[in-house]
Amino acid sequence: MSGKITLGEAASRMKESARGTVIFTGAGMSTESGLSDFRSKDGLWKNLDPMELATADAMRNNYEAFHAFYSRRFELMGDAKPNSGHKVLADWEARGIADCIITQNIDGLHAAAGSKKIYELHGSVGKVRCMDCGAPSAQGDFIAGTPCPRCGGRLRPGVVLFGEGLPQEEMDLSWAASESANVFIVLGSSLNVSPANGFPSIAARAGALVVICNKDATFLDNIAGYRTFDGIGKFLAELDEEIAKA
Ligand SMILES: [Zn+2]
(Lines give C-alpha, C1' and ligand atoms only; values in the text may rest on other atoms or scores of the structure.)
Protein backbone atom coordinates (compact mmCIF):
# COMPACT_ATOMS: atom_id res chain seq x y z
CA MET A 1 0.00 0.00 0.00
CA SER A 2 1.22 3.44 -0.89
CA GLY A 3 -0.05 6.73 -2.23
CA LYS A 4 -0.88 10.12 -0.86
CA ILE A 5 -4.11 9.40 1.01
CA THR A 6 -5.55 6.64 3.20
CA LEU A 7 -8.16 4.10 2.16
CA GLY A 8 -10.63 5.77 4.51
CA GLU A 9 -10.11 9.10 2.75
CA ALA A 10 -10.70 7.41 -0.62
CA ALA A 11 -13.93 5.94 0.75
CA SER A 12 -15.08 9.37 1.98
CA ARG A 13 -14.36 10.85 -1.43
CA MET A 14 -16.48 8.09 -3.04
CA LYS A 15 -19.41 8.86 -0.79
CA GLU A 16 -19.33 12.63 -1.15
CA SER A 17 -20.76 12.68 -4.69
CA ALA A 18 -23.48 10.30 -5.77
CA ARG A 19 -22.55 8.09 -8.73
CA GLY A 20 -19.24 9.93 -9.12
CA THR A 21 -17.11 6.79 -9.07
CA VAL A 22 -15.99 5.21 -12.34
CA ILE A 23 -14.43 1.74 -12.38
CA PHE A 24 -11.90 0.57 -14.98
CA THR A 25 -11.12 -3.16 -15.14
CA GLY A 26 -8.58 -5.32 -16.98
CA ALA A 27 -7.57 -8.98 -17.09
CA GLY A 28 -6.53 -9.02 -13.41
CA MET A 29 -10.19 -8.55 -12.45
CA SER A 30 -10.95 -12.07 -13.69
CA THR A 31 -7.92 -13.98 -12.42
CA GLU A 32 -9.73 -14.64 -9.12
CA SER A 33 -12.42 -16.30 -11.26
CA GLY A 34 -9.74 -18.65 -12.64
CA LEU A 35 -9.26 -16.92 -16.00
CA SER A 36 -5.68 -16.23 -17.03
CA ASP A 37 -4.66 -13.41 -19.30
CA PHE A 38 -4.23 -15.16 -22.64
CA ARG A 39 -1.36 -12.83 -23.44
CA SER A 40 0.62 -14.09 -20.45
CA LYS A 41 3.24 -16.79 -20.82
CA ASP A 42 1.05 -19.55 -19.36
CA GLY A 43 -1.73 -18.48 -21.70
CA LEU A 44 0.04 -20.17 -24.61
CA TRP A 45 -2.28 -22.49 -26.44
CA LYS A 46 -1.32 -25.68 -28.34
CA ASN A 47 2.08 -24.16 -29.11
CA LEU A 48 0.32 -21.45 -31.10
CA ASP A 49 0.78 -17.83 -30.20
CA PRO A 50 -2.61 -16.37 -29.16
CA MET A 51 -1.35 -12.99 -30.30
CA GLU A 52 -1.28 -14.45 -33.83
CA LEU A 53 -4.75 -16.00 -33.53
CA ALA A 54 -6.74 -13.18 -31.93
CA THR A 55 -6.39 -11.11 -35.07
CA ALA A 56 -8.57 -9.96 -37.94
CA ASP A 57 -5.96 -11.44 -40.25
CA ALA A 58 -6.27 -14.94 -38.70
CA MET A 59 -10.05 -14.74 -38.92
CA ARG A 60 -9.90 -14.06 -42.65
CA ASN A 61 -6.97 -16.26 -43.63
CA ASN A 62 -6.79 -19.03 -41.02
CA TYR A 63 -10.40 -19.43 -39.91
CA GLU A 64 -10.03 -23.02 -38.72
CA ALA A 65 -7.31 -22.22 -36.16
CA PHE A 66 -9.05 -18.94 -35.26
CA HIS A 67 -12.33 -20.78 -34.67
CA ALA A 68 -10.68 -23.51 -32.59
CA PHE A 69 -8.88 -20.93 -30.45
CA TYR A 70 -12.00 -18.86 -29.70
CA SER A 71 -14.18 -21.93 -29.17
CA ARG A 72 -11.74 -23.08 -26.47
CA ARG A 73 -11.52 -19.63 -24.89
CA PHE A 74 -15.30 -19.35 -24.78
CA GLU A 75 -15.64 -22.78 -23.19
CA LEU A 76 -13.15 -21.78 -20.48
CA MET A 77 -14.99 -18.51 -19.90
CA GLY A 78 -18.33 -20.31 -19.80
CA ASP A 79 -17.15 -22.23 -16.73
CA ALA A 80 -15.99 -19.08 -14.91
CA LYS A 81 -18.16 -17.45 -12.26
CA PRO A 82 -18.10 -13.86 -11.00
CA ASN A 83 -15.80 -13.50 -7.98
CA SER A 84 -16.29 -11.49 -4.79
CA GLY A 85 -14.82 -8.38 -6.43
CA HIS A 86 -17.32 -8.46 -9.30
CA LYS A 87 -20.10 -8.73 -6.70
CA VAL A 88 -18.88 -5.72 -4.70
CA LEU A 89 -18.89 -3.62 -7.88
CA ALA A 90 -22.43 -4.70 -8.81
CA ASP A 91 -23.53 -3.87 -5.26
CA TRP A 92 -21.94 -0.39 -5.45
CA GLU A 93 -23.88 0.36 -8.64
CA ALA A 94 -27.14 -0.82 -7.07
CA ARG A 95 -26.46 1.36 -4.00
CA GLY A 96 -25.62 4.43 -6.10
CA ILE A 97 -21.95 4.49 -5.10
CA ALA A 98 -20.48 3.64 -8.52
CA ASP A 99 -21.63 5.09 -11.83
CA CYS A 100 -20.30 2.67 -14.42
CA ILE A 101 -17.66 0.10 -15.32
CA ILE A 102 -15.30 0.54 -18.26
CA THR A 103 -13.76 -2.85 -19.01
CA GLN A 104 -11.13 -4.36 -21.27
CA ASN A 105 -12.49 -7.83 -20.46
CA ILE A 106 -14.64 -9.85 -22.85
CA ASP A 107 -15.73 -12.53 -20.37
CA GLY A 108 -19.09 -11.02 -19.44
CA LEU A 109 -18.47 -11.54 -15.70
CA HIS A 110 -19.48 -7.99 -14.69
CA ALA A 111 -22.90 -8.54 -16.28
CA ALA A 112 -23.13 -12.00 -14.71
CA ALA A 113 -22.51 -10.41 -11.30
CA GLY A 114 -25.40 -8.00 -11.84
CA SER A 115 -23.68 -4.81 -13.02
CA LYS A 116 -25.81 -2.92 -15.56
CA LYS A 117 -23.88 0.08 -16.88
CA ILE A 118 -20.86 -1.59 -18.47
CA TYR A 119 -18.80 -0.25 -21.37
CA GLU A 120 -17.10 -3.25 -22.96
CA LEU A 121 -14.24 -1.71 -24.94
CA HIS A 122 -13.17 -5.04 -26.41
CA GLY A 123 -16.64 -6.50 -26.96
CA SER A 124 -18.07 -9.56 -25.29
CA VAL A 125 -18.14 -13.32 -25.77
CA GLY A 126 -21.92 -13.26 -25.66
CA LYS A 127 -22.22 -11.19 -28.85
CA VAL A 128 -21.65 -13.48 -31.85
CA ARG A 129 -22.43 -12.20 -35.34
CA CYS A 130 -22.06 -13.13 -39.00
CA MET A 131 -18.77 -12.14 -40.66
CA ASP A 132 -20.61 -11.29 -43.89
CA CYS A 133 -24.03 -9.81 -43.09
CA GLY A 134 -23.58 -8.93 -39.40
CA ALA A 135 -26.72 -10.78 -38.23
CA PRO A 136 -26.52 -11.73 -34.54
CA SER A 137 -26.24 -15.40 -33.58
CA ALA A 138 -25.84 -17.45 -30.42
CA GLN A 139 -22.45 -18.21 -28.89
CA GLY A 140 -23.28 -21.94 -29.08
CA ASP A 141 -23.75 -21.66 -32.86
CA PHE A 142 -20.26 -20.19 -33.22
CA ILE A 143 -18.74 -22.98 -31.14
CA ALA A 144 -20.70 -25.63 -33.10
CA GLY A 145 -19.52 -24.15 -36.40
CA THR A 146 -23.10 -23.49 -37.55
CA PRO A 147 -23.32 -21.12 -40.54
CA CYS A 148 -25.28 -17.87 -40.41
CA PRO A 149 -28.99 -18.71 -40.68
CA ARG A 150 -29.60 -15.64 -42.82
CA CYS A 151 -26.85 -15.82 -45.44
CA GLY A 152 -24.82 -18.98 -44.79
CA GLY A 153 -21.70 -16.97 -43.90
CA ARG A 154 -19.21 -17.82 -41.16
CA LEU A 155 -19.85 -16.62 -37.63
CA ARG A 156 -17.41 -14.53 -35.62
CA PRO A 157 -17.13 -13.53 -31.97
CA GLY A 158 -18.31 -10.03 -31.11
CA VAL A 159 -14.94 -9.18 -29.64
CA VAL A 160 -12.44 -6.64 -30.88
CA LEU A 161 -9.57 -8.44 -32.60
CA PHE A 162 -6.05 -7.12 -32.99
CA GLY A 163 -6.19 -5.09 -36.20
CA GLU A 164 -9.71 -3.81 -35.52
CA GLY A 165 -10.82 -0.49 -34.01
CA LEU A 166 -12.56 -0.12 -30.65
CA PRO A 167 -16.34 0.48 -30.68
CA GLN A 168 -16.92 4.23 -31.01
CA GLU A 169 -20.02 4.48 -28.84
CA GLU A 170 -18.34 2.71 -25.89
CA MET A 171 -15.26 4.90 -26.34
CA ASP A 172 -17.36 8.10 -26.33
CA LEU A 173 -19.37 7.06 -23.27
CA SER A 174 -16.20 5.99 -21.42
CA TRP A 175 -14.55 9.31 -22.25
CA ALA A 176 -17.54 11.29 -20.93
CA ALA A 177 -17.72 9.18 -17.77
CA SER A 178 -13.99 9.63 -17.12
CA GLU A 179 -14.21 13.40 -17.53
CA SER A 180 -17.01 13.68 -14.97
CA ALA A 181 -15.62 11.16 -12.46
CA ASN A 182 -14.93 12.23 -8.89
CA VAL A 183 -13.07 8.98 -8.16
CA PHE A 184 -11.56 6.75 -10.87
CA ILE A 185 -10.59 3.22 -9.77
CA VAL A 186 -8.30 1.00 -11.89
CA LEU A 187 -8.55 -2.73 -11.11
CA GLY A 188 -6.24 -5.34 -12.61
CA SER A 189 -4.93 -3.47 -15.60
CA SER A 190 -1.30 -2.70 -16.35
CA LEU A 191 -2.62 0.22 -18.42
CA ASN A 192 -0.43 -0.61 -21.37
CA VAL A 193 -3.12 -1.08 -24.02
CA SER A 194 -3.83 2.07 -25.96
CA PRO A 195 -6.07 4.01 -26.27
CA ALA A 196 -8.14 2.68 -23.37
CA ASN A 197 -5.34 3.45 -20.91
CA GLY A 198 -5.94 7.15 -21.52
CA PHE A 199 -9.09 7.20 -19.39
CA PRO A 200 -7.37 7.43 -15.99
CA SER A 201 -5.33 10.36 -17.31
CA ILE A 202 -8.48 12.10 -18.55
CA ALA A 203 -10.08 11.60 -15.13
CA ALA A 204 -6.98 12.88 -13.29
CA ARG A 205 -6.76 15.99 -15.46
CA ALA A 206 -10.43 16.69 -14.71
CA GLY A 207 -9.65 16.55 -10.99
CA ALA A 208 -10.62 13.00 -10.08
CA LEU A 209 -8.90 10.99 -7.37
CA VAL A 210 -7.21 8.06 -9.16
CA VAL A 211 -6.98 4.76 -7.26
CA ILE A 212 -4.93 1.89 -8.72
CA CYS A 213 -5.04 -1.76 -7.62
CA ASN A 214 -2.78 -3.91 -9.80
CA LYS A 215 -0.18 -6.57 -9.02
CA ASP A 216 2.42 -4.97 -11.29
CA ALA A 217 3.64 -1.40 -11.63
CA THR A 218 1.79 0.84 -14.09
CA PHE A 219 3.02 3.97 -15.82
CA LEU A 220 0.32 5.98 -14.05
CA ASP A 221 1.33 4.97 -10.50
CA ASN A 222 2.74 8.47 -10.03
CA ILE A 223 -0.68 10.09 -10.47
CA ALA A 224 -2.50 7.67 -8.17
CA GLY A 225 -3.74 9.19 -4.91
CA TYR A 226 -4.06 5.67 -3.55
CA ARG A 227 -2.03 2.73 -4.86
CA THR A 228 -2.09 -0.93 -3.79
CA PHE A 229 -0.54 -4.17 -5.07
CA ASP A 230 -3.03 -6.30 -3.07
CA GLY A 231 -5.38 -8.80 -4.69
CA ILE A 232 -8.54 -7.17 -6.03
CA GLY A 233 -11.00 -9.20 -3.92
CA LYS A 234 -9.16 -8.27 -0.72
CA PHE A 235 -8.81 -4.61 -1.70
CA LEU A 236 -12.49 -4.19 -2.66
CA ALA A 237 -13.65 -5.88 0.55
CA GLU A 238 -11.51 -3.45 2.61
CA LEU A 239 -12.68 -0.44 0.62
CA ASP A 240 -16.29 -1.57 0.99
CA GLU A 241 -15.79 -1.71 4.78
CA GLU A 242 -14.36 1.81 4.76
CA ILE A 243 -17.37 3.03 2.77
CA ALA A 244 -19.67 1.54 5.40
CA LYS A 245 -17.77 3.51 8.08
CA ALA A 246 -17.40 6.75 6.09
ZN1 LIG B 1 -24.93 -13.73 -42.49
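The values are calculated or read from the model by the stated rules, or taken from the named source; none is laboratory data. Every value quoted in this text rests on a predicted model; they were computed, and no experiment measured them. Ideal geometry is used to build each Cβ from the backbone, glycine not excepted, and the neighbour counts take in all protein chains shown. Side chains are part of the model used for accessible areas, which takes the heavy atoms of the whole protein and leaves out ligands, DNA and RNA. Shrake-Rupley method; radii C 1.70, N 1.55, O 1.52, S 1.80 Å.
Using the alpha-carbon positions of segment 146-206, Rg (one decimal) and Dmax (whole number) come out as 16.4, 49 Å.
For a quick protection proxy, order the peptides 139-146, 198-205 by their average other-Cβ count within 10 Å, most packed first. Walk me through the numbers on the way to the answer.
Working: 139-146: 15.2, 198-205: 19.2.
Going from most to least packed, we get 198-205, 139-146.
Ignoring any ligand, DNA or RNA, what whole percent of the accessible area of the chain comes from carbon and sulfur when the probe is 1.4 angstrom? Here it works out to 51 percent.
Heavy-atom accessible surface of residue 218, to the nearest 10 Å², is about 20 Å², with a 1.4 Å probe and all protein chains retained. The mean accessible area for residues of the chain, using a 1.4 Å probe and ignoring ligands and nucleic acids, is 46 Å² per residue.
Across segment 86-166, Cα-Cα pairs farther apart than 17 Å form 53% of the total.
So if the hydrodynamic radius of the chain is defined as the Kirkwood radius over C-alpha pairs, what does Stokes-Einstein give as its diffusion coefficient at 20 °C and 1.002 mPa s, in µm² per second? Write out the running numbers ahead of the final one.
Details: Rh = 18.7 Å.
Using the Kirkwood radius from Cα pairs, D works out to 114 µm²/s.
In the chain, Cα pairs under 8 Å separated by at least six residues give a relative contact order of 26 percent.
Electrostatic bookkeeping for residue 246 treats Lys and Arg as +1 and Asp and Glu as -1; over the other residues with beta carbon under 12 Å from its beta carbon, the sum is -2.
The residues neighbouring residue 226, those whose beta-carbon lies less than 12 Å from its own, together hold a net charge of -2 under the Lys/Arg +1, Asp/Glu -1 convention.
Between helix 7-16 and the chain there is an angle of about 80 degrees, using the helix long axis and the longest principal axis of the Cα atoms. Protein-only accessible surface at a 1.4 angstrom probe places the residues 194, 71, 12 in the order 194, 12, 71, largest first. Charge tally around residue 153: other residues with Cβ under 11 Å, Lys/Arg +1 each, Asp/Glu -1 each, net +3.
Rounded, prolate or oblate, given the Cα gyration tensor of segment 195-246, with a/c below 1.5 counting as rounded? Intermediate values should be presented prior to the final figure.
Numbers: a/c = 2.46, a/b = 1.45, b/c = 1.70.
Oblate shape, in that a/c is at least 1.5 and b/c is the bigger or equal ratio.
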